[in-house]
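What follows is a short report on a single structure.
Nothing in this text is a laboratory measurement; each read-out follows from the coordinates by a stated rule. Every value quoted in this text rests on a predicted model; they were computed, and no experiment measured them. Cβ atoms come from the backbone with ideal geometry, glycine included; neighbour counts cover every protein chain shown.
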Amino acid sequence: MPTEITKKEASGITILSIRGEMSIDDAIILRRLVNDLIADDGKPIIVDIAEVAFIDSESAPILREIGDLPDVSIEGTDSLIQTAIDLVEKRIG
């Protein structure tokens, strides 16, 4: 499934909603987009990854780097963690 990034504004906050599977190339594009948004308007940014089905191991550090930026938060990690738990339980059980 290709990665989709949609942008919307709400109450002075930029929200980037990510959907699909995230590869290293997608994470690099996301980092560039976030950096450009910070440089252009400086509004707080929420990166919502609740609809991400898979993040490869090379993308995870980039997401962490993005989340460590001032005025940037990563949301939706709970559903991603639950998906991982469900997959493990399915394989075990």
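A simple count of charges around residue 62, restricted to other residues whose Cβ falls under 11 Å of its Cβ and scoring Lys, Arg +1 and Asp, Glu -1, yields -3.
A simple spin-label model places pseudo-atoms 7 Å from Cα toward Cβ; at residue 23 and residue 92 they are separated by 3.1 nm. Helix 24-40 axis versus longest C-alpha principal axis of the chain: approximately 20°, rounded to the nearest ten. Between the amide H of residue 72 and those of 45, distances stay under 5 Å, these residues lying 5 or more places away or on another chain, with hydrogens modeled in the peptide plane.
Per the Debye formula on identical point scatterers at the alpha carbon atoms of the chain, with no solvent, log10 I(q)/I(0) at q = 0.13, 0.20, 0.21 Å⁻¹ is -0.43, -0.94, -1.02.
Compute the long axis of helix 77-92 from its Cα atoms, compare it with the longest principal axis of the Cα atoms of the chain, and write down the angle in degrees, 0 to 90, nearest 10. In the chain, helix 77-92 runs at an angle near 10 degrees to the longest axis. Amide H contacts under 5 Å for residue 51: 18, restricted to partners 5 or more places along the chain or on a different chain, H placed in the peptide plane at 1.01 Å from N.
Expressed in nm to one decimal, what extension gain is obtained for the pair residue 40 and residue 75 from 0.36 nm per residue of sequence separation less their Cα-Cα distance? Spell out each step's value before the answer.
Numbers: separation 35, 0.36 × 35 = 12.60 nm, distance 2.21 nm.
Contour length minus Cα-Cα distance gives 10.4 nm.
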